[in-house]
1. When segment 256-279 is examined, which residues are found to be β-branched (Val, Ile, Thr) and either more than 16 Å from Cys429 (Cβ to Cβ) or part of a helix (DSSP H, G or I) (or both)?
2. Return the only residue of Thr487, Thr441 being of a type in the set (S, T, N, Q) and touching an Asp or Glu at 6+ places or on another chain (Cβ under 8 Å).
3. Criterion first (over 17 Å from the mean Cα position of the chain (by Cα) and not acidic (Asp, Glu)) does Ala382 satisfy it?
4. So which helices (runs of 4 or more DSSP H) stay within segment 123-241 end to end and still have 2 or more residues that are surrounded by 17 or more Cβ atoms within 10 Å (Cβ to Cβ), under 24 Å from the mean Cα position of the chain (by Cα) and of a type outside the set (A, V, I, L, M, F, W, C)?
5. Out of (1) touching a Leu at 6+ places or on another chain (Cβ under 9 Å); (2) of a type in the set (Gly, Ala, Ser); (3) within 30 Å of Leu238 (Cβ to Cβ), what's the single condition that is false for Ser161?
6. For segment 531-556, what are the residues that are at pLDDT below 55, touching a Lys or Arg at 6+ places or on another chain (Cβ under 8 Å) and of a type in the set (Val, Ile, Thr)?
7. Can you name every residue in segment 428-464 that is open to solvent by 30 Å² or more (accessible area, probe 1.4 Å), within 19 Å of Ala541 (Cβ to Cβ) and out of contact with any strand residue (DSSP E or B) (no Cβ under 9 Å at 6 or more places or on another chain)?
8. Taking interchain pairs and intrachain pairs at least six residues apart, which have beta carbon atoms under 9 angstrom, with the first residue in segment 347-359 and within 19 Å of Val74 (Cβ to Cβ) and the second of a type in the set (Asp, Glu) and not in a loop (DSSP other than H, G, I, E, B)?
Amino acid sequence: MSLSTAAVVAGGAVRPDAIRPADLRFCGLRREALGIRLLSASPQAAAAAKRKVLAAAATGNGAAGSAGFDYDLVIIGAGVGGHGAALHAVEKGLKTAIIEGDVVGGTCVNRGCVPSKALLAVSGRMRELQDEHHMKSLGLQVSSSGYDRQSVADHANNLASKIRSNLTNSMKSLGVDILTGFGTVVGKQKVRYGKVGFPDNEITARNIIIATGSVPFVPKGIEIDGKTVFTSDHALKLESVPDWIAIVGSGYIGLEFSDVYTALGSEVTFVEALDQLMPGFDPEIAKLAQRILINPRKIDYHTGVFASKITPAKNGKPVLIELIDAKTKEHKETLEVDAALIATGRAPFTKGLGLENMNVVTQRGFIPVDERMQVMDADGNAVPNLYCIGDANGKLMLAHAASAQGISVVEQISGKDNILNHLSIPAACFTHPEISMVGLTEPQAREQADQEGFEISVVKTSFKANTKALAENEGDGIAKMIYRPDTGEILGVHILGLHAADLIHEASNAIALGTRVQDIKLVVHAHPTLSEVLDELFKAAKVTGIPQAVSEPVAA
């Protein structure tokens with residue numbers, strides 16, 4: 001929160017009588033976003049003001065001026081990243097259009113984050129109902145549990161439809177032009193779009209953002225039939241619940257689907273190319289997660305192996321998976337399962353965008369960008385007025401990262417330089433219990449400390465010491481923080497436990513704002529709440545050096 005200079009007298013003291021609601025700023029959010037109105041305004045006046053703001057946004061799409069261009073901003077791709085950029089652009093008074101060749105919402109809403117959370121909500125309920133010991137400890141008796149597969153699938157599909165409709169309506173209500181077709185950059189500040197079988201249209205834009213997202217990555221040798229061998233796109237339809245399913249890859253996608261399938265009665269076998277499961281997580285968290293999420297469940301695994309060939313089930317034969325040693329490439333064994341989910345990550349969707357017209361060469365399919373998301377050409381120069389956000393640039397393949405990048409770009413083209421600190425962007429895995437993280441893992445922090453010559457410290461707290469977690473009989477889990485004891489700078493926070501995905505944001509905001517441990521440990525947390533897990537974590541940290549200002553965040 002900040003105050004206008006009118007409320008501050010010499011020496012930095014604040015005159016309470018001079019503080020007005022109009023002077024208040026909350027972490028950069030407008031008062032309207034927080035539901036705060038001026039004390040002197042009547043409810044009728046406040047409502048009229050709100051209508052005026054919305055009307056100005058809807059009818060004033062282009063208030064900033066687009067002289068000589070059809071639009072101030074054209075966004076290619078209407079996923080979460082494109083949507084976030086479009087809404088912020090209208091707020092800034094930019095005449096904005098968004099081009100979508102498929103459906104609004106992109107991967108996250110239609111084939112990713114949103115429907116998967118619907119399935120995970122079901123798996124969470126099923127786990128509670130099936131855990132007789134847990135229920136009895138709460139004094140509850142459940143005679144039996146079951147589910148209807150089609151109803152579960154419908155829940156996921158209906159949620160995706162609802163969110164997709166919400167995104168579409170939010171853009172339309174603010175005056176964003178939604179153009180249907182596949183967009184191609186045909187020249188400087190020119191975009192062509194159209195649908196197969198229809199004439200193309202060409203428009204001009206002062207600035208262009210590419211936000212085309214990604215598609216599931218399928219390694220060579222794997223045959224996809226969409227029924228017995230499939231990607232997450234197919235799995236989210238939940239057309240079947242196989243008795244035995246192999247999941248190739250043990251990252252976020254693989255872990256979440258293992259949670260769904262085992263809750264619904266499947267046996268799962270992980271196939272992981274690296275020597276340990278969950279290679280992208282902090283090693284200590286991954287080890288504990290394996291003990292909680294893998295070992296007690298009907299899950300086995302093969303590490304250090306590639307699935308060199310996968311053949312779909314046909315003619316009464318099962319799915320065949322040929323495993324080879326990841327290092328020697330020698331054949332190890334052949335698995336026979338009912339189905340196989342390929343969860344080996346995602347690949348950028350960047351073909352056909354006309355990048356060659358701008359002398360841009362992709363790197364493993366990703367569009368190269370600088371720290372401001374401006375596209376770089378083959379000679380290493382920034383391409384004027386052309387930006388790329390989200391999965392297509394590969395910096396951080398998360399929906400909310402794409403949205404943050406889009407907002408950052410809009411800030412820049414509106415005249416305010418903005419560099420996003422990617423180390424402050426949180427990530428979460430929505431298993432039961434959840435896993436979340438922000439910043440560096442412990443090995444990454446130690447490597448950085450060795451290179452730059454500083455010490456790090458690590459503190460941990462347990463959910464077993466949290467009253468709210470114990471009330472829920474959900475004491476499994478820990479929170480871990482890596483920080484600099486000389487300055488109090490928070491380098492990374494990792495959580496495994498009940499509602500970890502919600503708890504991580506206090507830490508991510510602290511990193512984004514440069515808040516030091518010695519300051520945040522003084523913040524009050526309500527009791528009894530899960531937030532006290534982080535409260536105890538911050539209080540456990542010891543800052544030994546002289547308090548210093550944390551260095552400005554840098555882009556990653």
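1. Val260, Thr262, Thr269, Val271, listed by residue number.
2. On the way: Thr487 fails: touching an Asp or Glu at 6+ places or on another chain (Cβ under 8 Å).
After applying the criteria, what remains is Thr441.
3. Yes, satisfied.
4. Those helices (runs of 4 or more DSSP H) span 149-173, 232-235.
5. Failing condition for Ser161: (1).
6. Within segment 531-556, just Val550 meets the criteria.
7. Glu455
8. Matching pairs, first to second residue: Phe349/Asp391.
The values are calculated or read from the model by the stated rules, or taken from the named source; none is laboratory data. Bear in mind the structure is a predicted one, so any value in this text is a computation, not a measurement. Positions of Cβ are generated from backbone atoms using ideal geometry, with glycine treated the same way; all protein chains shown enter the neighbour counts. The accessibility values were calculated without ligands, DNA or RNA, using every heavy atom of the protein model including side chains. Shrake-Rupley method; radii C 1.70, N 1.55, O 1.52, S 1.80 Å.
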